[in-house]
Amino acid sequence: MNRTSPEVLDYYDEEVVRRTVEKYGYGEREALELFLSSKTYQMMTNPDMAMWQFGPGGILSICESERITGSPLRSAYLRMD
C-alpha cells in the first residue's frame, strides 16, 4: 500500500499538534500521542483518502469528532448525509 509522503505527514503532525496544544493546553508529547494513535491519523497515511485536502484545521476538527463520538466518520467533513 502506498503511504502519504513523509513531508505531508510531518507538516500535519506539527500543525495539528500545535493547534491541539493551543486549544486544549495539552503538552506537545500528549497532543502528538493523541494524534498519532487516532483513526484520523491512520486515514491521513492513506493517500487514496486525500485527507490533506481538509487542511490542518479540518483534520483537527475530524480528530475532535473522533474523540467525542469514537469515529472520525461522524465528522461534518466526512459525513454523507
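Among the residues of this structure, D10 counts as one that is without any contact (Cβ under 8 Å) to a residue 12 or more places away in the chain, loosely packed, with under 11 Cβ neighbours inside 10 Å and in a helix (DSSP H, G or I). Against the test of being modelled with pLDDT under 95, among the polar types (S, T, N, Q) and more than 12 Å from the chain's Cα centre (by Cα), the options S5, S75 yield a single qualifying residue, S5. Within segment 72-81, if we keep just the residues that are in a loop (DSSP other than H, G, I, E, B) and not acidic (D, E), the residue that is surrounded by the fewest Cβ atoms within 10 Å (Cβ to Cβ) turns out to be M80. When you look at F35, is it part of a helix (DSSP H, G or I) and in contact with a Cys (Cβ under 7 Å, 6 or more places away or on another chain), yes or no? Criteria met by F35. Looking only at segment 41-71, residues that are over 18 Å from E22 (Cβ atoms) and part of a helix (DSSP H, G or I) come to 15 in all. If you take the residues of segment 20-58 that are more than 21 Å from L73 (Cα to Cα) and of a type outside the set (S, T, Y), which of them is surrounded by the most Cβ atoms within 10 Å (Cβ to Cβ)? Looking at the filtered set, the residue picked out is V21. Close contacts from segment 28-39, counting a first residue that is farther than 12 Å from R67 by Cα and a second that is loosely packed, with under 14 Cβ neighbours inside 10 Å and at pLDDT 95 or above, with Cβ to Cβ under 8 Å and a gap of 6+ residues or different chains, come to A31/Y24.
The values are calculated or read from the model by the stated rules, or taken from the named source; none is laboratory data. Computed from a predicted model, the values in this text were never measured in an experiment. All Cβ positions, glycine included, derive from the backbone under ideal geometry; neighbour counts span all protein chains shown.
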